[in-house]
Amino acid sequence: MQECKADKAIYRKNYLAYPWHVKQLDLRFVIAAEATVVFAEMAFEWSEDVGGAREIVLNGSDLELVSLSLNDRVLTENDYVIEGESLTIHDAPRTSVLKTEVHIHPAANTALEGLYLSGDFLLTQCEAQGFRKITWFPDRPDVMTTYRVTLEADKTLFPVLLSNGNEVGSGEADGGRHWVCWHDPFPKPSYLFALVAGELALVEDHFTTRSGRDVALRIYVEEENLDRCDHAMESLINAMKWDEDRFDLEYDLDVYHIIATNDFNMGAMENKSLNIFNSKYVLARPDTATDVDYQGIEGVIGHEYFHNWTGNRVTCQDWFQLTLKEGLTVFRDEEFSADMQSRAVKRIQTVRDLRLRQFPEDDGPMAHAIRPDRYVEINNFYTATVYQKGATIIRMYHTLLGESGFQKGMKLYFERHDGQAVSCDDFLAAMADANDTNLDDFAHWYSQSGTPQVHVTDHYDAESREYTLTLAQSTPATHDQPHKRPLVLPFALGLLSADGTELPLQLKGEAPGAAGTRLLIADKEQQTYTFVSVSSKPVPSLFRDFSAPVKVFYAYSAQQLATLIEHDSDAFVRWDAAQRMAENAILTQCGRYAEGQDMQLDVALLQAFRGILSDEKADPALLAEAITLPDEDYLADQMDVVDVDGIHAARQFIRQGLAVELKTLFDKQYLSMNDAAAYEKTPAAMARRSLKNICLSYLLETEAGESLAVAQLDASDNMTDTLAAIRGLVFINSPLAAKALAEFESSWYGDPLVMDKWFIMQAIKPGSETVNTVRALMSHSVFSIRNPNKVRALIGVFAMLNPTGFHAADGSGYKFHADRVIELDPLNPQMAARMASAFNRWKRYDDDRKTLMQAELQRISSLDKLSGDVAEIVNNALR
Ligand code: 0A1
Ligand code: ZN
């Protein structure tokens, strides 16, 4: 049963080191799906330097305690106290060996935390606090020890028995049983423990590290997926090589195992040498996975591999430091993807995602610093802020210190802290010390929530040829912090002449400098830069490459944006200028729509798109990004009161207008990208498909589009093209959509991952009718509310990616969604909490919608047995 944790916040300032050293943990599992027996033996030693009563505190949750002994004396209930999730033994000897036996019930575990069943096999998820659902132990990341794990099970049902580290023994046992023993020589926190037991097939390769260690690489999947592992394996090998080349980091064990499961709350998990993955991030074949899936696999395989050093060898002192491992590891996986593919495209996608998912978090009821000061349920803090904003903050160190300075910092970080559980302060200190610099002011990025706003104004004096640029930074108050301070912003600046030539940047008092990007540091509330010898009024190219995670306000004229779009040397700025222009155009039409006026196609935007589409030399992937209009959710964030229908109508109007006016160019690009070449998974082929399919989506707004989509569908040899065609037909409400969906369903009925796409295509269809489709699809035989991927595909996509569906004026979307949160909560609180966060932004809508959403939040909040996970989210939202 979930207990109410609403008033049980945990505070960072209360951190106390664990007073015991755990020398070794021996685990023995007698495995069965219904009931597994866990024997644990742990050796405690009192840390000399800590005084006070020698209490041993262990954590446990949902465990059936069968026996507990201390130094071979069986303890009775008088010898210890169990309170909530803690078991306390008072006055333990300085050297204490504890032995426990507990029973747990994996088949009944629907929360997918601890030991649980997926299909026919058993597996674990221990981050953040799942180990306590397996056995009593100090389940906190600063307690690191070595593990020896023996797994015993029926040999037919569980032929494969895996845990962390190296296999050190195995044998047969009576009654058709067998056992395998694993030893992990690296001390680790309990959240990195893993086991897997069941019948799994395996793909094997190997990697020789640069010092000559031969590492066996094994990907375990269900038999039918054996032909979908190539890309994951290739990505793993690339990641291992890349980490040696770029970060000087080598793998440290003889085996590296990856297991794919269809039942997983998150993307993947970096358990030492035994990564467990959502199958979405492992399995791919050209006909089952899109280019975005392929890129996702590369990124997540890299991410989990990179954790081996940033997370596992050096881990977090407490969960407030989560960004220490996550921000850093996301930065590393972003760099890996950038090095494998197009750096510019990766940067644009990263920023788009940050603005879409993290900026709203910073501006909502759950706003928190990348290192929060308090939480109720740590699982609610695996957020875009901790991960993605955390990564931009690591990127700022990199921008400030340069690649070699950053790598010096990393080297010192590992020299000082290998094998330890440390804090974000330790990381910052390593970066500062290695570079002989002071980063004290930079540290505020860890403690301040909210997205800084930078208002830029400028003045050009033709006579003195001086150009002054003033930056004023401020961060709006957030619910958790009323007062904000200026932050250190790396400010990468370029200046363009009106005809697009890059100008030299010479600050007053300096010798003449070269043209190009100049890195300035803006760390005051207001800062003015004066440039001299500026030949004409320049167009400022601000925060190139998104050099700081801020919102930039500057009153660009359409002409200036056009100059940046056409000429800026920075791909991010070119893209951003096109986004700004499109945003201005859509929001203006949204205003007209609200006033009942006719909408008009913006001439500057039309002209800019014409220029972009005519560029035959550009990287097609960059072109595709440039002509992708800002998302409806992003546009919504730019309004004081969100006009759901107005945004949709205006964005559609502009899309259609561009499609009609520029049809010849869309056609031309479509045809030249659609070259009938056989599928390839190279970045170049992916880039061409991305441009082709964005052109198709515009052409679908014209009469010719439908037949083009059908022809593409018929000819397609890959999932990217197939999905783009069907999605397009669904989106324009084509009479052919139903047939395409039905054929897709019958081809892929038995394939869980591909069926997720089938659900998504229907859940995302705009309009107030979609709630009925979604409700009906919940009864589809392939749908299960117990499966997180299905929940995300149908319920999550509807609530988070379908604004006109979810926000239907009659509140039907809200009611449906709140019912799902309530249905999910007793099964899987983590998933329920993620779903509940769809209501977080309710205060930004009109009064009618606000009232409706508030009522649903109250309905959820008033439930009797609400989990702490959901309670934290809805109570924050209601506050
Ligand atoms: N550490 C993993 C993410 C993860 C976190 C929690 C989980 O269960 C609650 C599962 C995975 C990563 O960053 O990849
Ligand atoms: Zn991670």
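The table below lists the values:
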| read-out | value |
| --- | --- |
| Residues located in the stretch 813-840, provided they are assigned to a helix (DSSP H, G or I), more than 21 Å from residue 262 (Cβ to Cβ) and open to solvent by 30 Å² or more (accessible area, probe 1.4 Å) | 815, 819, 822, 837 |
| Whichever residue in the stretch 841-873 is open to solvent by 30 Å² or more (accessible area, probe 1.4 Å) and among the basic types (Lys, Arg) and, among such residues, is nearest to residue 128 (Cα to Cα) | 865 |
| When residues of the stretch 135-164 are limited to those that are farther than 19 Å from residue 56 by Cβ, of a type outside the set (Lys, Arg) and not in a strand (DSSP E or B), the one farthest from the chain's Cα centre (by Cα) | 156 |
| Filtered residue count, the stretch 566-578, keeping only those that are more than 15 Å from residue 611 (Cβ to Cβ) and either open to solvent by less than 10 Å² (accessible area, probe 1.4 Å) or part of a helix (DSSP H, G or I) (or both) | 4 |
| From the options 464, 533, 474, residue that is open to solvent by 30 Å² or more (accessible area, probe 1.4 Å), at positive phi and not aliphatic (A, V, I, L, M) | 533 |
| Residue within the stretch 70-77 that is of a type in the set (Val, Ile, Thr) and over 41 Å from the mean Cα position of the chain (by Cα) present | yes |
| Strands (runs of 3 or more DSSP E) fully within the stretch 498-561 counting 1 or more residues that are over 21 Å from residue 451 (Cβ atoms) | 518-522, 526-531, 539-541 |
| Filter result for residue 753 (crowded, with 17+ Cβ neighbours inside 10 Å, farther than 26 Å from residue 675 by Cβ, touching a Leu at 6+ places or on another chain (Cβ under 7 Å) and touching a residue at least 24 places away in the same chain (Cβ under 8 Å)) | yes |
| Enumeration of residues in the stretch 298-318 that are within 13 Å of ligand 1 (Cβ to nearest atom) and under 17 Å from the mean Cα position of the chain (by Cα) | 299, 300, 301, 302, 303, 304, 305, 306, 307, 310, 311 |
| Whichever residue in the stretch 137-160 is among the hydrophobic types (A, V, I, L, M, F, W, C) and open to solvent by 10 Å² or more (accessible area, probe 1.4 Å) and, among such residues, is nearest to ligand 2 (Cβ to nearest atom) | 144 |
| Residues located in the stretch 256-272, provided they are open to solvent by less than 20 Å² (accessible area, probe 1.4 Å) and either more than 16 Å from ligand 2 (Cβ to nearest atom) or aromatic (Phe, Trp, Tyr) (or both) | 256, 257, 259, 260, 261, 264 |
| In the stretch 33-82, the residues that are more than 22 Å from residue 191 (Cα to Cα), touching a Ser or Thr at 6+ places or on another chain (Cβ under 6 Å) and in contact (Cβ under 8 Å) with a residue 40 or more places away in the chain | 68 |
| Complete set of residues in the stretch 273-307 that are crowded, with 24+ Cβ neighbours inside 10 Å, within 14 Å of ligand 2 (Cβ to nearest atom) and polar (S, T, N, Q) | 275 |
| Among residues of the stretch 165-215, those that are of a type outside the set (Lys, Arg) and outside any strand (DSSP E or B), counted | 15 |
| Failed item in (1) open to solvent by less than 10 Å² (accessible area, probe 1.4 Å); (2) more than 16 Å from ligand 2 (Cβ to nearest atom), with residue 349 passing the rest | (1) |
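Yes or no, residue by residue, for (1) under 27 Å from residue 197 (Cα atoms); (2) part of a strand (DSSP E or B); (3) open to solvent by less than 20 Å² (accessible area, probe 1.4 Å); (4) not basic (Lys, Arg):
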| site | (1), (2), (3), (4) |
| --- | --- |
| 82 | no, yes, no, yes |
| 88 | no, yes, no, yes |
| 91 | no, no, no, yes |
| 98 | yes, yes, yes, yes |
| 101 | yes, yes, no, yes |
| 112 | yes, no, yes, yes |
| 115 | yes, yes, yes, yes |
| 124 | yes, yes, yes, yes |
| 127 | yes, no, yes, yes |
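The values are calculated or read from the model by the stated rules, or taken from the named source; none is laboratory data. Small disclaimer: the values here were computed from a predicted structure and weren't measured. Note: ideal-geometry Cβ built from the backbone for every residue, glycine included; neighbour counts use all protein chains shown. The area values use the complete protein model at the heavy-atom level, side chains included, leaving out ligands, DNA and RNA. Shrake-Rupley method; radii C 1.70, N 1.55, O 1.52, S 1.80 Å.
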